[in-house]
Amino acid sequence: MIREVLRMGDSRLLRVAQPVTDFGSPQLAELLQDMRDTMAHLDGAGLAAPQIGVDLRVVIFGCGINPRYPEAPPVPDTVLINPELVPLSAEEEEGWEGCLSVPGLRGWVPRWRFLRYTGYDEAGQRFERTVEGFHARVVQHECDHLDGILYPMRVRDFRRFGFIAELFGDSVESSADS
Ligand code: NI
C-alpha cells in the first residue's frame, strides 16, 4: 500500500528509531511492502521507515542505471535493518541530495566516501558490504533518517541549498530523492 510520506517539520522525523527485534513477522513484511510501494510510486532511490511514520530502524534503497544518467552507478535493491555504519577513511565527498520528505529541493552534502555497513535483511540474516561514492551516500542518507537527521542538517554552504528549478534550470541533476 502506498503510504503518505511525512515532510520536514513533522516531529516524527526527528525521533531516534527503535531496533527491530521480530524478524519474519507479518508486520515487518507488510511494512517492507508498503515501503517498496511508496518508494516506487514516488520514483525514489531510498526510503526509511520513519518517513512513513513507523518508528523502526528499517531502510530500503536501490536504483538501476538511469538512461538519462548512464554514468551513475547502479545500487542494488536492498533491505537494511538495524544498520551499523563504519567509515573506512576520513575522506569526504560532496554531492547533491534530495529527500522525499523535503520535496522540490536539493542540497550539497558532505558524506564519507568509503563505508562499510552491516545489518540484517528481512529474514534476519546478517550481511556486510564495503561501498563507496553514490552507494555510500545513499546508505548514509537513509540511515540518518533513523537517527532523526534530515540532509539539510548536514548542509554546510547554504548557497548550495535551494529549489531544483532555480538551482539547475532545465538541466535536471542526477540524484533521485530518498
Ligand atoms: Ni530522505
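Coordinate-derived values only; no laboratory data. Note that the structure is a prediction, hence the values are computed from the model and not measured. Here Cβ is always computed from backbone atoms with ideal geometry, including for glycine, and neighbour counts include all displayed protein chains.
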*Considering the options GLN125, TRP112, PHE23, tell which one lies farthest towards the positive end of the dipole of segment 11-168, charges being +1 on Lys and Arg and -1 on Asp and Glu at the Cβ, about the Cα centre.*
TRP112
*Suppose every K and R has +1 on its Cβ and every D and E has -1 on its Cβ; what is the size of the dipole of segment 25-105 about the Cα centre, in Debye to the nearest 20?*
280
*Can you give the angle from 0 to 90° between the axis of helix 26-41 and the longest principal axis of the chain, with both taken from C-alpha atoms, to the nearest 10?*
20
*Using alpha-carbon coordinates, inclination of helix 133-146 to the longest axis of the chain, degrees*: 60
*Distances over 23 Å make up what percent of all Cα-Cα pairs in segment 11-168?*
36
*Taking H placed 1.01 Å from N in the peptide plane, check which residues at least 5 places from ASP177 or on another chain put their amide H under 5 Å from its amide H.*
ALA45
*Which value, in debye to the nearest 20, describes the size of the charge dipole of the chain about its Cα centre when Lys and Arg Cβ atoms bear +1, Asp and Glu Cβ atoms bear -1, and nothing else is charged?*
300
